[in-house]
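First the structure, in the form of C-alpha cells, and then the observations on it.
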Amino acid sequence: MTDAAAPRRLRVLAAMSGGVDSAVAAARAAEAGHDVTGVHLALSENPKSFRTGARGCCTIEDSHDARRAADVIGIPFYVWDLAERFREDVVEDFIAEYEAGRTPNPCLRCNEKIKFAALLDKALALGFDAVCTGHYAKVIVRPDGSRELHRATDMAKDQSYVLGVLDDRQLAHAMFPLGDTPTTKAEIREEAARRGLFVAKKPDSHDICFIADGDTQGFLAKRLGTAEGEIVDESGAVLGSHDGAYGFTIGQRKGLRIGRPAPDGKPRYVLDISPVTNTVTVGPAASLDVTALTAIRPRWCGRPPQAGPARYTAQLRAHGGETEVTADLVDGSELRVTFDEPVRGVAPGQAIVLYDGTRVVGSATIAATTRRTAGETPEPQRRAG
C-alpha cells in the first residue's frame, strides 16, 4: 500500500524486527502522516538468547533495538509473543518438510502464516488498517481498487519472492515503504543515521532466523536423531554413507563424504533424497537439468491468472534469477510449468513464484520435477507428499 494509494491517515502496525530496514520503514510511515505503532514479534523459543554475530533475529537483543528505534521515531511500542504459533507453523513445518525429503523456505512460511496471518489478524481486530514491514517490494493500487504486488524499484534489493504467498486480502492491508527506494543499502543506513536510529550500523541477519549459528544440519540432527543410510549413484552402486538423509538438499555438492571420485573425475551432486529408503542419490551436474515441474497449493497475489497456458518468468529461490516459462493451472489446484531452458537445483518443497513483468502473479509449492536424461528423454522425479 503506497502513500499515493492511501490519501487518508491510516492506523499502521509496523513490524519492527530490530534491524535497520524495518526501523526506516516505520519512520517513513510515520513521516507520511500515518498513525504508527511499533510491534516486535517475540518468536524465539528461548527469549533470553542473543544473536550470534550477524546471524539470527527475534532475540531479546533485537527487541531492545526495536524499542530504542520506536522511541527515536516517537511511536508507541509493544512486544507480542507469537513464539508458540511460530513454532507450530514455521519451525515444526520446517523440520517435517526436511524429514519428508523436501526443501522448505521458512521465510515464505513466516510471511504467510505469521506476519500476514497471525499478526495481521490481530492488527485488524485491534482496529489497525495495515501492517508495515521493511520488505523491498511494492503494492500498486489499480484504478478499479484492486491491488498488485510488484518487484521493488531496486532489483538488487527486491524481496518480492518471499512475499509471493500473499493473497488479495493480505495485500489489501500490506505496506512496504522501502519498495520505491532506488538506493543502495548503504544509503538506507545513512538515512537511518540521519534519523538518529541506533540500528544504522547493525549487521543484517542472515540464514534461517531460528538457527542462529547457521548449522541447519546440526539443528535437524538434534530434533530428528541419527539415521544412517547409503549414498548411491544413479546405477544404485553404494558410494558412501550418511547420518540422515534430511541433511542433504537437491543440487548439493559439498559434504557428500564419498570415498572415491567419479569415473570422469568431475564433481557429483545430490540428485534425489528418498526418506522411505533413507537413500541419497548423487550424480553428474547434467543430471540436475529440470525441464518441467508440477506445483501444488497455488496462491495468487491479487487476480488469478486466466485459464490455459500462459507465458511468465519464474523465480525459484530468494536470490535467484528469472527464467522464461510456460505455466498452466489445471483444475484450479495444480500448476504445470515448462522451462524454455533447463534449470538446476530445483527441489520438491521449494516455492516457484511467477511474474508478469514486475508483477507478482503468485506462487506454488513444487511437488515434482521432470529431468532431462542423457538420452534427452524426460524422467519424472519424486513427488512431494
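The values are calculated or read from the model by the stated rules, or taken from the named source; none is laboratory data. All values reported here derive from a predicted model rather than from experimental measurement. Glycine gets a Cβ as well: all are built from the backbone with ideal geometry, and neighbour counts include every protein chain shown. Side chains included, ligands, DNA and RNA excluded: accessible areas come from the protein's heavy atoms. Shrake-Rupley method; radii C 1.70, N 1.55, O 1.52, S 1.80 Å.
The set of residues in the stretch 286-312 that are under 27 Å from R169 (Cβ atoms) and free of Cβ contacts under 8 Å to residues at least 40 places away in the same chain comprises Q306, A307, G308, A310. Restricting the first member to the stretch 27-38 and to residues that are within 10 Å of F128 (Cβ to Cβ), and the second to residues that are hydroxyl-bearing (S, T, Y), the beta-carbon pairs closer than 8 Å and six or more apart or on different chains are T37/Y78. Considered as a group, the residues in the stretch 148-177 that are assigned to a helix (DSSP H, G or I) and touching a Lys or Arg at 6+ places or on another chain (Cβ under 6 Å) include one that is surrounded by the fewest Cβ atoms within 10 Å (Cβ to Cβ), and that residue is L171.
Tell me yes or no: at least one residue of the stretch 191-198 is touching a Gly at 6+ places or on another chain (Cβ under 8 Å) and either of a type in the set (G, A, S) or open to solvent by less than 40 Å² (accessible area, probe 1.4 Å) (or both).
Of all residues in the stretch 191-198, those touching a Gly at 6+ places or on another chain (Cβ under 8 Å) come to none.
The answer is no; no qualifying residue exists.
Scoring A193 on the criteria (1) part of a helix (DSSP H, G or I); (2) closer than 30 Å to E97 by Cβ; (3) small (G, A, S) leaves a single failure, condition (2). If you check A327 against the conditions, is it assigned to a strand (DSSP E or B) and of a type in the set (G, A, S)? Yes; evaluated as a whole, the condition is true for this residue.
Go through G320, G345, G349 for me and flag whichever is assigned to a loop (DSSP other than H, G, I, E, B) and modelled with pLDDT of 90 or more.
The unique qualifying residue is G349.
Look at the stretch 218-233: where a residue is over 16 Å from P275 (Cα atoms) and a partner is in a loop (DSSP other than H, G, I, E, B), sitting 6+ places away or on another chain with Cβ atoms under 6 Å, you get F219/I211.
Considering the stretch 202-217 alone, what residues qualify as being touching a residue at least 60 places away in the same chain (Cβ under 8 Å) and either under 18 Å from K157 (Cα atoms) or not aromatic (F, W, Y) (or both)?
Passing the criteria: K202, P203, D204, S205, H206, D207, I208, C209, I211, A212, D213, G214.
Note on the stretch 196-228: among residues that are over 23 Å from the mean Cα position of the chain (by Cα) and not in a helix (DSSP H, G or I), the one that is nearest to F86 (Cα to Cα) is G225. Taking the criterion of being open to solvent by 60 Å² or more (accessible area, probe 1.4 Å), part of a helix (DSSP H, G or I) and touching a strand residue (DSSP E or B) at 6+ places or on another chain (Cβ under 9 Å), the only residue of the stretch 69-103 that qualifies is D71.
Matching residues to (1) surrounded by 15 or more Cβ atoms within 10 Å (Cβ to Cβ); (2) hydrophobic (A, V, I, L, M, F, W, C):
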| residue | (1), (2) |
| --- | --- |
| I250 | yes, yes |
| G255 | no, no |
| D264 | no, no |
| P275 | yes, no |
| V290 | yes, yes |
| R299 | yes, no |
| E334 | yes, no |
| A347 | yes, yes |
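Of all residues in the stretch 111-134, those satisfying the criterion of being open to solvent by 10 Å² or more (accessible area, probe 1.4 Å), in contact (Cβ under 8 Å) with a residue 60 or more places away in the chain and under 18 Å from A351 (Cβ atoms) are E112, K115. T326 satisfies every condition listed in (1) over 22 Å from I273 (Cβ atoms); (2) open to solvent by 60 Å² or more (accessible area, probe 1.4 Å) except (2). Quick one: would you say G214 is open to solvent by less than 40 Å² (accessible area, probe 1.4 Å), at pLDDT below 90 and over 30 Å from E31 (Cα atoms)? Spelling it out, G214 is indeed open to solvent by less than 40 Å² (accessible area, probe 1.4 Å), at pLDDT below 90 and over 30 Å from E31 (Cα atoms).
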